[in-house]
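Structure record follows, encoded as structure tokens.
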Amino acid sequence: MKLPIDRFKELRTPFYCYDLSLLRSTLQVIKDEIAGYPFVVHYALKANANPVILNEIVKTDIGADLVSGNEIMTALEAGFSPIRMAYAGVGKTDWEIETGIDNDIYCFNVESVPEIAVINEIAARKGKIAGIAIRVNPDIDAHTHQYITTGTATDKFGIDIHNLDDVVDMARNLSNVHLRGLHFHIGSQITSIEPFMLLCERINEIVEHYEKMGVNFEMIDVGGGLGVDYKNPEENPIAPFHDFFNVFKQRLKLRQGQTVHFELGRSIVAQCGVLISRVMFVKENSIKKFVILDAGMTDLIRPALYHAHHKIVNLTTKAKEIDTYDVVGPICESSDVFSNDEKLPITRRGDIVAILTAGAYGESMASRYNMRDLPQSHFIKS
Ligand code: LLP
């Protein structure tokens, strides 16, 4: 991504900057990888629901993966087709369930027995049949940060695999839900393919188990979670989609007519977005030097919340001389730190800095804490 520093100087910072060409190339790679397979990709809006981003994604065949009624409404407004919408989440309000049913979304990914009962009841009241997939907790450790692992037995997500027979039985006997299949999601920012291989094995076992009982599923949703390269984003701007989809192409035993659904968020949008900020002050104490930015954890919470490290580039200076800084934001929280001991060229007040790989879970997790303004977004087509 080539960042137009001259244009940036005039703009109010901080702001998100999105490279729409990179987004388009990413979408094209996905399209090419899934061509000829019964694969449906849903974009997880929670990663970034900026309307311009959604407008690019909706131009492809991609569906939507949603986690709230407002996300359903946003996806509809953006033009996503309800027959390509999956709606997940451990806690869905009645209004949110109604919104899904009224708009005939493809599938509710259900996470508990009482939820299935409520969906059935609301659908019955409306004279409709709601498509559902049971979210199975497959008890697989995705070896990612503990806050973003979702598929182990102690996580709140999904239905315990040991109770699955009863739940499948229950769902099949209700008249206003249609059990389409099973849903899995084992975590996010997964950087090795091994957990996905394990997932395929687990799915094959489960599908076989039900086949023997005469239960066939029309779809399997394998969730999202493909990781991106936060260390070398410039070298690897596109996630390893080939290796990822290959695991499922090679290892998942598909039945006649069965479709496989993916819910990708981060891997679609992370690298096309950067957070641009201005250095307000550089200060020094007896131990450290601090670069104080006008962007903070309110604009990109990942470092504060998960100790994530995003690459930081000083766009202003070409100085060869390097110094070591703690790069921090202005928020009144000690965790408002982008990076400790970051090596940067000698940095000065007024320099423009880019924090890379901020397209996913940056803007969508922004808050107005400290009554700060939400950053604007700008777009480049490099
Ligand atoms: N499907 C389900 C059911 C999910 O819970 C998630 C993400 C996704 C799909 C999309 O996962 P992705 O492809 O983006 O990994 N805020 C955290 C990530 C939280 C992910 C939550 N669920 C972060 O900034 O790392």
### Summary
Low-density loop GluC sites (Glu not before Pro), the range 41-94, at most 10 other Cβ within 10 Å, DSSP non-H/G/I/E/B, are none
### Radius of gyration, Dmax [the range 242-305; alpha carbons; angstrom]
21.6, 69
### Query
So how far apart, in nm, are the two label points at M197 and R125 if each is 7 Å from Cα heading toward Cβ?
4.9 nm
### Task
Just subtract the alpha-carbon distance of I83 and E284 from 0.36 nm times their residue separation and send over the number in nm, one decimal.
66.7 nm
### Area projected by the alpha carbon convex hull of the chain, averaged over all directions, nm²
19.6 nm²
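Can you give the direction-averaged projected area of the convex hull of the alpha-carbon atoms in the range 169-315, in nm²?
Projected area, direction-averaged: 13.1 nm².
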### Task
Summarise the accessible area of the range 242-356 (1.4 Å probe, protein heavy atoms) by the percent that is carbon and sulfur.
51 percent
### Message
Per residue, how much accessible surface does the range 196-278 expose to a 1.4 Å probe? Answer in Å², no decimals.
### Response
39 Å²
#### Entry: Helix-derived mean residue ellipticity, 222 nm - over the chain, DSSP H n ≥ 4, -39500 (n - 2.57), to 500
-8500 deg cm²/dmol
#### Entry: trypsin sites (Lys or Arg not before Pro) within the range 1-110, DSSP loop, no more than 16 other Cβ atoms inside 10 Å
K2, R12, K59
### Message
Suppose every Lys and Arg Cβ carries +1 and every Asp and Glu Cβ carries -1, with no other charges. What dipole size does the chain come out with about its Cα centre, to the nearest 20 debye?
### Response
1140 debye
### Task
May I ask you to give the percent of accessible area on the range 1-150 that is carbon plus sulfur, with a probe radius of 1.4 Å?
52 percent
### Task
May I ask for the Kirkwood hydrodynamic radius of the range 160-224, worked out over all distinct Cα pairs and given in angstroms to one decimal?
13.1 Å
### Query
Can you put S277, S68 in order of accessible area, largest first, using a 1.4 Å probe?
S68, S277
### Task
With +1 on each Lys and Arg Cβ and -1 on each Asp and Glu Cβ, and nothing else charged, work out how big the dipole of the range 1-54 is about its Cα centre, in Debye to the nearest 20.
180 debye
### Those lysines that a straight Cα-Cα span of less than 18 Å connects to K231, excepting residues fewer than 8 apart in one chain
K2, K311, K343
### Query
Considering only the chain, what is the antiparallel percent among its DSSP beta bridges, to the nearest 5?
35 percent
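The values are calculated or read from the model by the stated rules, or taken from the named source; none is laboratory data. None of these values were measured; they are calculated from a predicted model. All Cβ positions, even for glycine, are placed from backbone atoms using ideal geometry, and neighbour counts span all protein chains on display. To get the accessible areas, we keep the full protein, side chains included, count just its heavy atoms, and leave off ligands, DNA and RNA. Shrake-Rupley method; radii C 1.70, N 1.55, O 1.52, S 1.80 Å.
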